[in-house]
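The values are calculated or read from the model by the stated rules, or taken from the named source; none is laboratory data. Quick caveat: nothing in here was measured; it's all calculated off a predicted structure. Every residue, glycine among them, receives a Cβ derived from its backbone with ideal geometry; neighbour counts consider all protein chains shown.
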Amino acid sequence: MTNRCLGYIVKDQEPLMQPPGGTVQDACRAMWKRRVGAVLVAQNGRLMGIFTGRDAVRTLAEGRDPAHTFLVDVMTSNPDIIAPELTAIDALRAMSDGGYRHLPVVDAGKVVGIVSRGDFKGLELDRLEEEECLWERIC
C-alpha cells in the first residue's frame, strides 16, 4: 500500500473548521484541543482559506492581539486544494512543490478533509524522495 487514495485517508475525518469571523485565539485553542496544525476557514460550506500554526506565529510576531484578530485577516486565502480521487503521492508532490504542510481535500466544492505530511506512510514518503532525487539527476 504505497500510494493510497486520499478519499481513503480522510474517510472518517472531521476537519477542524472555523468561520472567517472567528478569532485567532479561538482557532489556536481549537487546534490545541484537537492536536492539529491547521484550521480550515469556511463560510456556508465554502472553503475560504486555511489558518496554520505558521500563520499564528506570524500573527504574534506582527504584534496583533489574537483575541481581537479575525481569521479572515490573517489566513491564507484560496489555498491549493486536492481532489479525493487523487493519491498520496499527488498530495505529497503538491505540498513539496508549494512549500506547505497541509492540503485541503475538496470534492465538488465541499470540504471532505485535510491531509498533512504526518498522514502519509514511510513508503509513500520514500517514493517522493526517490522521485525528487531522480529529477535532481535529470536536471
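This table checks each residue for (1) modelled with pLDDT of 95 or more; (2) surrounded by fewer than 16 Cβ atoms within 10 Å (Cβ to Cβ); (3) closer than 26 Å to Cys5 by Cα; (4) of a type in the set (Ser, Thr, Tyr).
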| residue | (1), (2), (3), (4) |
| --- | --- |
| Arg46 | no, yes, yes, no |
| Asn78 | no, yes, yes, no |
| Leu92 | no, no, yes, no |
| Tyr100 | no, no, yes, yes |
| Leu103 | yes, no, yes, no |
| Val111 | no, no, yes, no |
| Asp126 | no, yes, yes, no |
Subject >> Near pairs, Cβ below 7 angstrom, 6+ apart or cross-chain, from segment 38-61 (farther than 16 Å from Leu16 by Cβ) to any residue that is assigned to a helix (DSSP H, G or I) >> reply: Thr59/Val24; Thr59/Val74
Original post:
Any chance segment 114-127 includes a residue that's in a loop (DSSP other than H, G, I, E, B) and over 15 Å from the mean Cα position of the chain (by Cα)?
Top reply: yes
Original post:
Any residue at all in segment 17-28 that is loosely packed, with under 14 Cβ neighbours inside 10 Å and either modelled with pLDDT under 95 or small (Gly, Ala, Ser) (or both)?
Top reply: yes
**OP:** Taking only segment 90-120 into account, find how many residues are under 15 Å from Val10 (Cα atoms) and in contact with a Lys or Arg (Cβ under 6 Å, 6 or more places away or on another chain).
**Re:** 2
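Could you count how many residues in segment 1-27 are more than 17 Å from the chain's Cα centre (by Cα) and closer than 20 Å to Leu71 by Cβ? Step through it out loud before you land on a result.
Narrowing segment 1-27 to residues more than 17 Å from the chain's Cα centre (by Cα): 1-4, 21-23, 25-26.
Pick out the ones that are also closer than 20 Å to Leu71 by Cβ and you get 21-23, 25-26.
Qualifying residue count, segment 1-27: 5.
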Original post:
Which of the residues belonging to segment 51-76 are closer than 16 Å to Arg117 by Cα and buried (at least 20 other Cβ atoms within 10 Å of the Cβ)?
Top reply: Thr52
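Listed here are the residues, each with its yes/no results for (1) out of contact with any Cys (no Cβ under 9 Å at 6 or more places or on another chain); (2) of a type in the set (A, V, I, L, M, F, W, C); (3) within 12 Å of Val111 (Cα to Cα).
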site: Val10; (1), (2), (3): yes, yes, yes
site: Leu16; (1), (2), (3): yes, yes, yes
site: Ala27; (1), (2), (3): yes, yes, no
site: Leu40; (1), (2), (3): yes, yes, yes
site: Gly49; (1), (2), (3): yes, no, yes
site: Val57; (1), (2), (3): yes, yes, no
